[in-house]
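Right, one structure below, let's go through it.
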Amino acid sequence: MRGSGPLEGSVRVEGAKNSVLKLMAASLMADGRSVLRNVPHIVDVEIMSDLLTSMGANVRRTEDHVLTIDVGPDLIAEAPYELVEQMRASIAVLGPLLARAGFARVALPGGDNFGPRPIDMHIAGLEALGVEFHSAHGYIEARCDQLTGNRVVLEFPSVGATENLLMAAVRAKGTTVIDNAAREPEIADLCAFLVRMGARIVGGGTSSIEIEGVDELSPVDHTVIPDRIEAGTFLAALGVAGGEITLEGARADHMDMLIRKLGDMGMRVSPSSDGVWAQSKGRIRAADVSTLPYPGIATDYKPFFVAMLAVAEGVGIVTENLFSGRFRYVDELVRMGADIRTEGHHAVVRGRPRLSGAPVRAPDIRAGAALVVAGLGADGETTVMDAHHIARGYEHFADKLAAVGAHVTPS
């Protein structure tokens, strides 16, 4: 790609990657055909489809963004290493398998390497519901005769642990309360899906979720919420390149803190009749950013803030409070002339008027997309290698950017 002038036009925001993968896992809990709409064409959906297929489900696309999942009575309660190691979200099948079969054998998860992200909270929470765990040869085996409701207090509002506990608790005997639960919109979407299946859940999307176990669930037809991370990616591109765009289907209420921070940097972002409207004139201003659990700034947004600050006016400090190891892309931005100094969980970014195009390498999904965004503010040509990472989370990313005026060509 090359440095680009103002962006102009509309971009369709696809269904949320971080929601649809968990909804696909939840579909295992009911015999019959579930239908998911607004499903993005991304590699991670293909990996999850292969995982469900390996368990005996029949997964297929029936229309452009529609996925059907047929689940029969004979489910194979095992998630093999060759699929799980490709994507951390695969651990989301643990709760559904326990709810459905009382047994699960799941390989320890892989996916993007952001440093250690143990599944201790998943295990401790499920043990509170009566599950026994054993670990050997890279797999965890979990079994229980009867899931039993209990109160679980998470030491951190982990999205993955909240999801697995939710899905298991739906079929537990009695009532389960998850305190300090994750509050992300994707959690609320999962709760809505489960309630449609017949679950009894109160408080989805809040820090305290109450689940009353039921004996049976039914397959459903559900539309996935829009991807707030994809929307944030295009807002970052606008911040770097300038211009005015509409994000069709995006929900401003899922991005309150992000929109407020972009306003501090000089951008204008507001809800519109069909999504979110945004405008950026002139050079954006630097600001300090800290990642926090929702409704704070998502850790997935952080690479985009670093890319924006690299061309902003002034100095900004970015603090990572959720994961270690998520500054690995900084060296690639420095290759493009960015002035960034990292120390522990902090990055100090001194903005430059323009970056310099260079060959760079994408270490993960969001960092790869952030390098593309940075390239919009660079003189000369930028080539992002290992761009297959980007395809894990974005449908036609380069084509969408090109459609609003960016000088981007897919590799």
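The values are calculated or read from the model by the stated rules, or taken from the named source; none is laboratory data. Note that the structure is predicted; figures quoted are calculated from it, not measured. Cβ atoms come from the backbone with ideal geometry, glycine included; neighbour counts cover every protein chain shown.
Considering only residues that are in contact (Cβ under 8 Å) with a residue 40 or more places away in the chain and farther than 14 Å from GLY368 by Cα, which ones fall in segment 309-328?
LEU309, ALA310, VAL311, ALA312, PHE323, SER324, GLY325
Considering only residues that are in contact with a strand residue (DSSP E or B) (Cβ under 6 Å, 6 or more places away or on another chain) and hydrophobic (A, V, I, L, M, F, W, C), look in segment 52-76 and name the one that is farthest from ARG171 (Cα to Cα).
Ranking the candidates gives VAL66 first.
Does GLY213 satisfy the criteria of being surrounded by fewer than 23 Cβ atoms within 10 Å (Cβ to Cβ), within 30 Å of GLY174 (Cα to Cα) and touching a Leu at 6+ places or on another chain (Cβ under 8 Å)?
In short, yes.
Evaluate the following for VAL202: is it among the β-branched types (Val, Ile, Thr), under 21 Å from VAL35 (Cα atoms) and over 18 Å from the mean Cα position of the chain (by Cα)?
no
Consider segment 248-282. How many of its residues are of a type in the set (A, V, I, L, M, F, W, C) and either outside the structural domain of GLU320 (by TED's automatic domain parsing) or not in a strand (DSSP E or B) (or both)?
The number of residues fulfilling the criteria is 9.
Out of the residues in segment 173-190 that are part of a strand (DSSP E or B) and of a type outside the set (Lys, Arg), state the one that is farthest from THR148 (Cα to Cα).
Among them, the one singled out is ASP179.
Among (1) over 14 Å from the mean Cα position of the chain (by Cα); (2) closer than 18 Å to LYS302 by Cβ, there is one condition ALA369 misses while meeting the rest; what is its number?
(1)
What number goes with the only condition from (1) touching a helix residue (DSSP H, G or I) at 6+ places or on another chain (Cβ under 6 Å); (2) modelled with pLDDT of 95 or more that SER27 does not pass?
It fails just one condition, (1).
Looking at segment 390-406 only, could you name the residues that are farther than 20 Å from GLY243 by Cβ and surrounded by fewer than 22 Cβ atoms within 10 Å (Cβ to Cβ)?
Passing the criteria: ALA391, ARG392, GLU395.
In segment 173-193, which residues are in contact with a strand residue (DSSP E or B) (Cβ under 6 Å, 6 or more places away or on another chain) and surrounded by 20 or more Cβ atoms within 10 Å (Cβ to Cβ)?
Correct list: THR176, ILE178, ALA181, CYS191, PHE193.
For the list (1) under 20 Å from ASN38 (Cβ atoms); (2) touching a residue at least 40 places away in the same chain (Cβ under 8 Å); (3) within 15 Å of the chain's Cα centre (by Cα), I need the number of the one condition that MET255 fails.
Unmet condition: (2).
Name the helices (runs of 4 or more DSSP H) wholly within segment 360-411 that hold at least 2 residues that are over 21 Å from MET336 (Cα atoms) and at pLDDT 95 or above?
397-403
Pick from ALA161, ALA237: which is outside the structural domain of GLY377 (by TED's automatic domain parsing) and either in a helix (DSSP H, G or I) or farther than 28 Å from THR68 by Cβ (or both)?
Only one candidate passes the filter, namely ALA161.
Can you confirm whether SER34 is farther than 28 Å from ILE245 by Cβ, touching a His at 6+ places or on another chain (Cβ under 8 Å) and not basic (Lys, Arg)?
yes
Yes or no: MET257 among the aliphatic types (A, V, I, L, M), surrounded by fewer than 19 Cβ atoms within 10 Å (Cβ to Cβ) and under 21 Å from TYR301 (Cβ atoms)?
It is true that MET257 is among the aliphatic types (A, V, I, L, M), surrounded by fewer than 19 Cβ atoms within 10 Å (Cβ to Cβ) and under 21 Å from TYR301 (Cβ atoms).
Do we find that GLY275 is at positive phi and surrounded by 14 or more Cβ atoms within 10 Å (Cβ to Cβ) in this structure?
In short, yes.
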